[in-house]
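Structure, as structure tokens:
The values are calculated or read from the model by the stated rules, or taken from the named source; none is laboratory data. Predicted model, so just to flag it, every value in this text is computed and none were measured. Glycine also receives a Cβ, built like all others from the backbone with ideal geometry; neighbour counts cover every protein chain displayed.
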Amino acid sequence: MVTSLPADVQHLTEDTSTALARQLQFADISTNLADQPIATSHVCAGTGKPILLIHGFDSSIFEFRRLVPQLATEAQVWAMDLLGFGFTDRTTEAPITPAAIKQHLHSFWQQKIGQPMILAGASMGGAAAIDFALDFPEAVEKLILLDSAGFAAGPAMGKFMVPPLDSWATAFLKNPGVRRRISQQAYCDRTLVTPDAELCAALHLQMPRWKEALVAFTKSGGYNFLSNYIQKIESPTLIVWGEQDKILGTQDAQRFKKTIPHNQLVWIPQCGHVPHLEKPKDTAQKIASFL
């Protein structure tokens, strides 16, 4: 069982990054997915109504390092690493599929939060949040989508995830230059892609079985099944979108607006695909108003 961060965490330099690293804990979450509990990385800060933050594809809890302290003055803020991602243990026999991710997330909610929550997901995490809210509406008082996937197709790498192509595909994703270009595309202000930000985006690659879990999730097809179910969301939903999102564009924001029964769409100006990283104060203010 893996219950520690990679040694390179000592090279973090920005205050929000080092603070989140100090806060990070591992909880043994019992599920029906594996015989042994799954060591699940998470943080919790603040008091009040619980908000749970869910990261995007091939990312980690460090995605919320700038948003957690902004929100913690308003609520009890949780952030966690999904099954197969971040620093959550990948060495169990648990499958890495959307269904397993949802079951693990539900078990985490039952064992750590235990009351209706505000569920917020960024990018692929938004799709995971939608999938969860559809199956467990009693657990989700409100839903927040941050430049969310759900309509857009997921990573088109599934056809490459057979040996030896899977090794080539994951080696491509692991390349520092590739990751830097993806990060730069995610921001409107590219100066925010600092060495510390690059390290935060890559720390989880050093965890055991990163490659195997990424291959398994990608081969599962991800969340490409969701688009026909989004209209069934019951929870009041806040849609937060960066006006300069070059990863998903802006059309899906309007599609969510037209499809989800009870929703509010707010735009973050001069902001790309990651408003929780690029404009955390503005994003926190929009969330606080929604609450």
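Quick check, is Ala201 surrounded by 16 or more Cβ atoms within 10 Å (Cβ to Cβ), aliphatic (A, V, I, L, M) and in contact with a Ser or Thr (Cβ under 9 Å, 6 or more places away or on another chain)? When the stated conditions are applied, Ala201 passes them.
Does segment 25-34 contain any residue that is closer than 28 Å to Ala288 by Cα, of a type outside the set (D, E, K, R), in contact with an Asp or Glu (Cβ under 9 Å, 6 or more places away or on another chain) and surrounded by fewer than 19 Cβ atoms within 10 Å (Cβ to Cβ)? Within segment 25-34, none of the residues are closer than 28 Å to Ala288 by Cα, of a type outside the set (D, E, K, R), in contact with an Asp or Glu (Cβ under 9 Å, 6 or more places away or on another chain) and surrounded by fewer than 19 Cβ atoms within 10 Å (Cβ to Cβ). Could you please let me know if Thr73 is touching a residue at least 24 places away in the same chain (Cβ under 8 Å), assigned to a loop (DSSP other than H, G, I, E, B), surrounded by 23 or more Cβ atoms within 10 Å (Cβ to Cβ) and of a type in the set (Val, Ile, Thr)? In short, no. When segment 76-103 is filtered for residues that are in contact (Cβ under 8 Å) with a residue 40 or more places away in the chain, closer than 18 Å to Ser30 by Cβ and small (Gly, Ala, Ser), the ones remaining, listed by number, are Gly84, Ala94, Ala100. The helices (runs of 4 or more DSSP H) falling completely within segment 80-176 that include 1 or more residues that are at pLDDT 95 or above map to 98-108, 124-135.
Can you tell me which residue in segment 56-70 is farthest from Asp147 (Cα to Cα), limited to those that are in contact with a strand residue (DSSP E or B) (Cβ under 6 Å, 6 or more places away or on another chain) and touching a residue at least 60 places away in the same chain (Cβ under 8 Å)? Per the stated criteria, the residue is Phe64.
Taking segment 1-20 as the range and being within 20 Å of the chain's Cα centre (by Cα) and without any contact (Cβ under 8 Å) to a residue 40 or more places away in the chain as the test, the residues that pass are Ser4, Thr18.
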